[in-house]
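Have a look at the structure below before the remarks.
The values are calculated or read from the model by the stated rules, or taken from the named source; none is laboratory data. Everything numeric in this text was worked out from a predicted model, so none of it was measured. Note: ideal-geometry Cβ built from the backbone for every residue, glycine included; neighbour counts use all protein chains shown.
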Amino acid sequence: MNYPIKGTFGSSTDGLNIINLVLNNVSKSGVIALPSMSVVTGVPIVTAPVLNSPLLNLQTAVGGKIQQVQNSNYTYTVQLTITRSDGTSAPIVVSNIPVDASGNFSTTLASALQFGDSVSALVNAQSKTNSNYIQSPSAAPLAVSWPIQPVTAVSATAGNDPTLRQCGTNNCRYLSISLTDKR
């Protein structure tokens, strides 16, 4: 019987020749003897993509770039995972976003990003000739920001306004505040 597995393979000098597997709810660990393993040549390395930054509040277009040269024997797509800040329990997954020949990808979301949401992405490479399927690690989540310009100047003036008579026989006191932003 064949079981699909995921693992990281490396040389004995980098410490990556260990793999942990879970089959039928039984966890097994072991060391892989790399010299005895036959590895097919031409399997591309697939790394996490980079999302265009910044991601802004109410933005609906999300894009980025994959970080490897595309192997012509594989079709590359990107999967986005959006974690909402509004308490939505399950993340929103947008799959099968095509990657163009230059490595760029872009999609329009069904609903806008909100301040506090986060977006991560991964790359999938599917062989055009067999069932090989390679998935990258997920990119670090990128937070959605809301770039409100900070106030740069505040002036306050206290005074009397003789037209205000709601305070009885005395004039009401008021405070006039003027705010100026960076724009």
Touching an Asp or Glu at 6+ places or on another chain (Cβ under 7 Å), at pLDDT 90 or above and buried (at least 17 other Cβ atoms within 10 Å of the Cβ) - does that describe any residue in region 72-80?
-> no
Those residues of region 100-128 which are surrounded by 15 or more Cβ atoms within 10 Å (Cβ to Cβ), of a type in the set (A, V, I, L, M) and within 16 Å of the chain's Cα centre (by Cα) amount to LEU109, LEU113, VAL119, ALA121, LEU122, VAL123
From ILE82, ILE134, ILE97, ILE148, residue being among the aliphatic types (A, V, I, L, M) and free of Cβ contacts under 8 Å to residues at least 12 places away in the same chain = ILE148
